[in-house]
Structures are given as structure tokens and as C-alpha cells.
Amino acid sequence: VTMETLSGKIAELNADPAVHGILVQLPLPEHIDEDAILTSIDPKKDVDGLHPLNTASLCSTSTHVGSTKIDWSDFTTIPFHIACTPQGCIELLDRSGVALEGKNAVVIGRSNLVGLPVAMLLMHRNATVTIVHSRTADVPGVVRNADVVVAAVGRAEMVEGDWIKDGAVVIDVGINSVDDATKKRGYRLVGDVNYGTAKEKASQITPVPGGVGPMTIAMLLRNTLNSCKRS
């Protein structure tokens, strides 16, 4: 597909009132300008939450006088789209009865797709947030202070059980394949957290696969429904 063809299709879908959600599967081929394509999507139909206007809205704290206050506890009332995986992480925490206000939350990874938006969502819920990345000193020590850990770094089983504080809640966003000769496919899927050791310390932990992944799909459907209701 050419840049011109893809841009034309997005313009067509933007103009179609029967279409409420547009999602472009990433990554795109090298000859396609990914930023230009994402920016060309109507922000109101950007159900992936990746348009610059939607990401900017997520980063606004709305603390100045006269600003419209947002209820960050109800995603159905937020007037813009939020990336699906970060939204799913918060939904999992909420439905598991995890209180976030005042808690120490550590996000491992600073990607635009997960790390940064989930950190913003945790902050909006009044958690104290630390983002761990490749230049962080003493990563295990930082993680051990966390009441809530969100691992989204893309490294198989990087987070060991002795990094986890007793009773902490762990959301494992990673999905990685590792060789396993006992499996028919020759590999198995694991997260960014060593589930076997971490589950001995955590009060709650998401499995991989079957944890965050299905929530991402559910949040995509919610974003599309919200878009329809707002149209």
C-alpha cells in the first residue's frame, strides 16, 4: 500500500458518519510516515488514543481556575480517547479493588504506547508515580518501594520476585516469546515479570497470556462505543 492510498482511505473514513472508530495497525512499513498517518486520523475517531491531541489531553492536569474537571474514575465520561492498554491496566486495578490514591506506583518502561500514558493515568488517580527506564540507577531498589508495579518494558521475565514488595500489586503488560522445546510451537509466551517468583510476593498479579491482553481489546471496544455516543 502506498502513503497516498492509505491517506486517502483515512480521509474517506474520517468523512463517513457511519464510522465511529479508526485504528491503524502498527508498526507501519518503512515507506509509510507513521506520524503523518496517526495525525491524519480524526481525533474523535482515534480509538487507539494515539493522536497528538488525545495524548496532549491526557497530559493536562486541568488544575487552573476555570478548567473543566475530569472524573478520572469513569472512562465513559472522559471526552477524548485514551490508549487502550493503559486504560485496561487501570480498569484491572479498579475492578480488583486496588486503591491508588496515595500509593507508590512504579511504571517500568517509558513508551508512548504504554509507559507514559499509564503513568499519567496513575497520577490522575493521585498515586505517586516513578517511571523506571534504561538509565535508572538501582532499578530493583526503586521497584521494591512500589505498592503497584506496571511492567511494560518488553524484556522477558526481567522483573524478579525479590524486586517485589510483600503485598504489592503487579500488572504485567509484556508479552515475549522464549524458546521451549516442550511446547509444540517450540516456544512459550511470558511477560516482563518472572511470574513464578513474583506471585510468592505479590498480593495480586496478572498472568501472561490472558491478563492485560484481553483488556486491551475490551477498552478498544469501549472507546468505539464512547465515540458513537459522542457523535
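Read the figures in this text as sums done on the coordinates, not as results from a lab. This structure is a prediction, so every number in the text was calculated from the model and none was measured. Here Cβ is always computed from backbone atoms with ideal geometry, including for glycine, and neighbour counts include all displayed protein chains.
Rounded to the nearest 10 degrees, the inclination of helix 212-230 to the longest alpha-carbon principal axis of the chain is 30 degrees.
Using all C-alpha to C-alpha distances in region 1-94, build P(r) with 5 Å bins and read off the rounded percent in each one. With a bin width of 5 Å, the distribution comes to 2, 12, 20, 21, 17, 13, 8, 5, 2, 0.
Cα centroid separation, region 144-203 to region 28-54: 31 Å. Taking every DSSP beta bridge that has both ends in the chain, the antiparallel portion is near 20%. Where (1) 45; (2) 60; (3) 70 are the candidate values, the label of the one calculated here for percent of Cα pairs over 25 Å apart is (1).
Rg and Dmax of region 85-190, based on Cα coordinates, read 14.3, 46 Å. What would the Debye formula give as log10 I(q)/I(0) at q = 0.15, 0.17, 0.24 Å⁻¹ for the alpha-carbon point model of region 44-124, no solvent? The calculated log intensity ratios at q = 0.15, 0.17, 0.24 Å⁻¹ are -0.53, -0.69, -1.35.
Charge dipole of the chain (Cα centre as origin; +1 on each Lys and Arg Cβ, -1 on each Asp and Glu Cβ, all else neutral): 460 debye, rounded to the nearest 20. Within the listed set A56, A11, A181, the Gaussian network model of the chain (springs between alpha-carbon atoms below 10 Å) gives the highest mean-square fluctuation for A181. Taking the Cα of D71, stepping 7 Å toward and past its beta carbon, and measuring to each backbone N in region 121-153: which are under 18 Å? Once the point is set 7 Å along Cα→Cβ of D71, 124-126 turn out to lie under 18 Å by backbone N, inside region 121-153.
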